[in-house]
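Here is the structure we will look at.
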């Protein structure tokens, strides 16, 4: 994402509060965050699994498949990526077992 939002909370705002209400305004974006978790057949998280992403363009004028990239899952088997949000784009995720050193 090309922007971020920081929220500063002063000690004065926290004094004597159980719940703090803060107004947050986020601008509209044409990107989407995709998250997921890879687990094995027993439901245990798979760390260091490889997630291969392919972008499929379904538009009439320029149909095509493009390699989008690779991700490696963290210790909890989780991954996250930001991709363009467009009604003509689909994403295909392929998951490969972790690479093991011999």
Hits in the stretch 56-88 (condition: assigned to a strand (DSSP E or B) and either without any contact (Cβ under 8 Å) to a residue 40 or more places away in the chain or in contact with a helix residue (DSSP H, G or I) (Cβ under 8 Å, 6 or more places away or on another chain) (or both)): 56, 57, 64, 65, 66, 67, 68, 69, 70, 71, 72
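Could you tell me whether residue 60 is surrounded by 14 or more Cβ atoms within 10 Å (Cβ to Cβ) and at negative phi?
No.
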Filter pass, residue 34 being modelled with pLDDT under 85 and either more than 27 Å from residue 91 (Cα to Cα) or surrounded by 11 or more Cβ atoms within 10 Å (Cβ to Cβ) (or both): no
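The values are calculated or read from the model by the stated rules, or taken from the named source; none is laboratory data. All of these numbers come straight from a predicted model, not from anything done at the bench. Neighbour counts are summed over all protein chains in view; Cβ atoms, including those assigned to glycine, are modelled from backbone coordinates with ideal geometry.
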